[in-house]
Structure formats: C-alpha cells, structure tokens
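The values are calculated or read from the model by the stated rules, or taken from the named source; none is laboratory data. These numbers come from a predicted model, not from an experiment. All Cβ positions, even for glycine, are placed from backbone atoms using ideal geometry, and neighbour counts span all protein chains on display. SASA here: full protein model, heavy atoms, side chains in, ligands and nucleic acids out. Shrake-Rupley method; radii C 1.70, N 1.55, O 1.52, S 1.80 Å.
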Amino acid sequence: MGIMDQTAFAKISCEEFCRVLASKEPAPGGGGASALAGALAVSLGNMVGNLTVGKKKYAAYEEEITEANERAGRLRLRFLELIQEDGDSFAPLAAVYRLPSGTDEEKAEKNRRLQRALFDACIVPEQIMDCCMETLDLVDIYEKKGSVMAVSDAAAAALLGKGALMAAALNLRINARSMEDRERAKEILDRMEAKLVTGEALADEIYRRALEKL
C-alpha cells in the first residue's frame with residue numbers, strides 16, 4: 001500500500017494498519033499514528049460518557065455528558081480523517097526530496113518547492129494537536145463528572161491524548177526546523193509550545209485526580 005492508495009488508512013484493519021506502519025512505506029508514519037492515538041483517546045473518553053448517561057447517580061450531569069458525547073463522536077471521525085490527510089500531505093514533500101539537484105537551477109527549483117511543501121506538511125499535525133486539545137478538555141469533563149467505575153479509562157484517555165499531542169508536535173518541529181522563513185516557523189513553533197504546555201498540564205492533572213480515586 002503506497003501513500004497515494006485510494007484505500008483510506010482508517011478503513012483497514014488494525015492488523016493491516018500496523019503492518020503498513022511497520023514497513024518501509026513513508027505513510028502512515030508518526031503523524032498518522034498520532035492521529036490514531038487521538039482517536040483512541042477520544043473514543044475511550046466517549047466510553048466513559050456512555051457508561052454515565054442514564055444513571056440516576058449522575059443525573060445532574062446528564063445534559064453536559066450528553067453534549068460531550070456528541071462532541072467526542074465528531075472528534076473521533078475527524079481524527080480518522082486526519083490519519084489519511086497526514087499521509088496525503090506527506091506525499092508532495094516526499095516527492096520534492098526525490099527531485100534532481102544537479103544544476104543550480106534544479107537546486108533552486110527544488111528548494112522553492114521544498115519550502116512550500118514543508119509549510120503544507122505542518123498543517124495536518126497542527127490540526128491533530130488542536131483535536132488533541134479538545135479531546136483533553138472532554139476527558140477532563142469525563143473524569144470529573146463521569147462514572148467513577150470508569151475513572152481508570154478516563155485516566156488512560158488522558159495519557160493517550162497527551163501522547164498524541166506530543167507526537168504531533170514532533171512532526172511540526174521537524175518540518176519547521178527546515179523552513180527558511182524563520183518568522184513563519186517561529187509562529188508555528190510558538191503555537192505548538194503553547195498547546196504542549198497547556199495540554200500536558202491538563203493531562204497530568206486528570207491523571208493525578210484519577211489516581212486519587214482508585
């Protein structure tokens with residue numbers, strides 16, 4: 001399966017996805033894996049919500065949990081789309097690296113295309129980070145107001161969300177470091193760092209609270 005295969009990565013089996021991930025194929029890679037981790041995180045949080053709704057003990061939170069479940073469902077689908085989008089966005093960058101660079105003209109053209117491709121390759125990882133941030137916000141709700149019987153699942157969701165966030169940030173970092181437009185690169189990296197600081201802190205807090213309940 002190549003990076004331009006028409007079969008969406010999200011539609012294949014877990015076994016096949018892992019096989020392709022382990023292969024020499026350039027995609028899925030770290031970006032696709034981070035999106036999958038995000039999908040697992042929000043799905044696990046959603047499970048906590050579904051175990052909560054309808055329970056008299058948590059009736060006061062019924063409306064909020066129901067709304068969170070709806071958001072989680074949309075996020076899960078978005079993460080799955082981002083698995084494929086990450087692979088598709090990497091294709092032009094991979095193609096640029098294969099361009100000839102024997103003459104000055106070829107080098108100049110290759111670099112021009114590379115700079116554009118590097119910027120484009122930052123778009124999906126940043127979107128994955130944004131989805132991870134929303135996921136952690138939801139997991140925060142699930143851990144605080146969801147069924148205590150599933151608090152360990154909320155903690156696991158927080159850890160998966162944190163991992164997905166950090167993994168997506170690595171893709172941003174590696175692409176931004178090669179961008180010649182350092183002002184644009186700095187803007188990307190500054191946004192990345194702000195999300196990391198906030199997201200990691202929230203995930204750690206959710207995990208700490210959950211441990212106290214176990």
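About its Cα centre, the dipole of the range 15-96 is roughly 320 debye, where the only charges are +1 on Lys and Arg Cβ and -1 on Asp and Glu Cβ.
Of the trypsin sites (Lys or Arg not before Pro) found in the range 94-130, those in coil by DSSP whose Cβ has at most 11 other Cβ atoms within 10 Å are Arg98.
Working value for the range 101-214: equivalent-ellipsoid semi-axes of 40, 11, 9 Å, each the square root of 5 times a Cα gyration tensor eigenvalue, largest first.
Restricting the calculation to Cα atoms, the range 72-148 yields a radius of gyration followed by a Dmax of 18.9, 65 Å. With 24 Å as the limit on Cα-Cα distance, the pairs of Lys55/Lys195; Lys55/Lys213; Lys144/Lys195 that go past it are Lys55/Lys195. The charge dipole of the range 123-214, taken about its Cα centre with unit charges on the Cβ of Lys, Arg, Asp and Glu (plus for the first two, minus for the last two), comes to roughly 200 debye. Solvent-accessible surface of the chain, averaged per residue with a 1.4 angstrom probe and all protein chains in place: 52 square angstrom.
Taking the Cα centre of the chain as origin and assigning +1 to Lys and Arg Cβ atoms and -1 to Asp and Glu Cβ atoms, the resulting dipole is close to 400 debye. The string of couplings for the range 82-88 from the Karplus curve (6.51, -1.76, 1.60, θ = phi - 60°) is 5, 4, 5, 4, 5, x, 5 Hz, one whole number per residue in order, with x for Gly and Pro.
In sequence order, the range 203-214 has phi-based couplings of 4, 5, 5, 4, 4, 4, 4, 5, 4, 5, 8, 7 Hz under the Karplus curve 6.51 cos²θ - 1.76 cosθ + 1.60, θ = phi - 60°, and Gly or Pro positions carry x. Across q = 0.13, 0.15, 0.17 Å⁻¹, the chain modelled as identical point scatterers on its alpha-carbon atoms has Debye log10 I(q)/I(0) values of -0.76, -0.93, -1.10, in the order of the q list. Residue by residue, the range 179-194 carries 3J(HN,Hα) couplings of 7, 6, 7, 5, 5, 5, 4, 5, 4, 5, 5, 5, 5, 4, 5, 4 Hz when phi is fed to the Karplus relation 6.51 cos²θ - 1.76 cosθ + 1.60 (θ = phi - 60°); x denotes Gly or Pro.
Of the trypsin sites (Lys or Arg not before Pro) in the range 139-214, the ones in a loop by DSSP (not H, G, I, E or B) with at most 15 other beta carbons within 10 Å are Arg177. Stretched out straight at 0.36 nm per residue, the stretch from Glu16 to Leu214 would grow longer than its current Cα-Cα span by 67.7 nm.
Measuring nothing but protein heavy atoms, the accessible surface of the chain at 1.4 Å probe radius is 56 percent carbon and sulfur.
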